[in-house]
Structure formats: C-alpha cells, structure tokens
1. Calculated from the structure, semi-axes √(5λ) of the Cα gyration tensor in Å equals which of (1) 41, 22, 13; (2) 31, 19, 15; (3) 26, 21, 15?
2. Tell me, what HN-Hα J-couplings in whole Hz come from the Karplus equation 6.51 cos²θ - 1.76 cosθ + 1.60 at θ = phi - 60° for each residue of segment 48-53, using x for Gly and Pro?
3. About the Cα centre of the chain, what is the dipole size in debye to 20, counting +1 per Lys and Arg Cβ and -1 per Asp and Glu Cβ, all else neutral?
4. Could you list which residues have their amide H under 5 Å from that of residue 22, counting only those 5 or more apart in sequence or on another chain, with H placed in the peptide plane?
5. Give, in nm to one decimal, the length gained when the segment between residue 156 and residue 6 is fully stretched (0.36 nm per residue of separation minus the Cα-Cα distance).
6. What is the projected area of the convex hull of the Cα atoms of segment 22-85, averaged over all directions, in nm²?
7. Ranking request for peptides 133-139, 37-43, 188-194: highest mean number of other beta-carbon atoms within 10 Å first, then the rest in descending order.
8. Given 0.36 nm per residue, what is the gain on full extension from residue 132 to residue 193 after removing their alpha carbon distance, in nm?
Amino acid sequence: MFQIGENTLVSLDLVERFFCCDLEKCLGACCIEGDAGAPITRAEYKKLKEVLPAIWDQLLPRAREVIAEQGVAYHDPEGELVTSIVDGGNCVFTCYESGGLCSCAIEKAYREGRIGWRKPMSCYLYPVRIKHYDCYDAVNYHRWKICKCAEVLGRARGIRLYEFLREPLIECYGQQWYDELVANCKLYIEQYLTPGD
C-alpha cells in the first residue's frame, strides 16, 4: 500500500494489476450488474437532478418510472447514497446502443456537449472505489468477474490500472497527487516486479 499525500492510502493493486476496459466483450456490465447503484455524494445527487431534463428522453421507459417513483437515488442497506436502479439491475441512467452495448446517458450527453458534467466520480473512477474514513481515504480496486476481460486486454496492451485511470484520478485528487502516485508506482515496479508482472 502507498501513502500518497497526507491522507490517502492506495492499494498496490493499482500498480500490480493491468486494466483496460474491453466494452466489446463486457458490453458495459458494470452499469448493470451488482446489488446497488453507484455511490454518489450529496453534491452529485443535486447535479443528477439538474441534468435529468437533458437526458430524460434517452432513459429506458422503466428507468423513467423508477425515477418518478423514488427519485434519482436512494440509501442502500449500509446507508450510503447510491443511484437508483431498475428492478435490481440497470442503473437508471443507462441506455443501450447497437449490439447491446450499455452506456451512460449522462456521459453520452457530456460527450455530445449537451451538459457540462461527465458523471458521478465513483462511475468515472470505476473499477477503483474510494472509501472515506475520518483521517484518510482508502483507494482500492474492486475486483470481480465482469472485469476479467479488462485485465486481459490491459495486460496485452501493457496498461496498468493507475495508468488507465489517469484522468479520473487527476480530476479526483489533482495533478500533483497523481504525479506522486506515478513516481511511487514506477519505483515499485523497478524494485519489486519482474518483467511481465
């Protein structure tokens, strides 16, 4: 584990694991699988409500029903605020493209220039999850079977998890923080990993 900055502990998985999303194989399963929606902050909850009119027409009919009934988010069994989901599966903000590819209606609108916000940080950072404690943040890789193809593609391309998540990590913690992470990762690779690890 690395300590980056004064109050962030980063799992060695970010340097030891290779990763590159392979949407052709997983079809965006991380927006569908799981037992709860994506974790969000109070500020993100407000943002979701703000952008809702711009993406409403792209949402699935059942997703619009869920949002009308319970809103864009709810508290999961642990008390964490998370995006609403459709019948125990899809995030309400998913939409589908040709070939069954699941995508995010929020990010689609952002890329098309219709809104100025990409999506909640927990989605942007995925498969990394951040757990906030009183004195520090724990930055961990959330490993599960749906991302196996991303690990295979990442290894084939030589992309480590911390490299794949460069942009969201910078947006979350800043350039100086990321530069410190990169320096620690490179040193760790030199000292502890053999080629191909």
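Nothing in this text is a laboratory measurement; each read-out follows from the coordinates by a stated rule. What you are looking at is a predicted structure, and each value in this text was computed from that prediction instead of being measured. All Cβ positions, even for glycine, are placed from backbone atoms using ideal geometry, and neighbour counts span all protein chains on display.
1. Structure-derived value, by its label: (2).
2. Along segment 48-53, the couplings run 4, 5, 5, 7, 3, x Hz.
3. With Lys and Arg at +1 and Asp and Glu at -1, about 400 debye.
4. Result for residue 22 returns 150.
5. Details: separation 150, 0.36 × 150 = 54.00 nm, distance 3.43 nm.
This chain segment gains 50.6 nm when fully extended.
6. Result: a mean projected hull area of 5.2 nm².
7. 37-43, 133-139, 188-194
8. Working: separation 61, 0.36 × 61 = 21.96 nm, distance 2.93 nm.
Stretched out fully, the residue 132 to residue 193 stretch lengthens by 19.0 nm.
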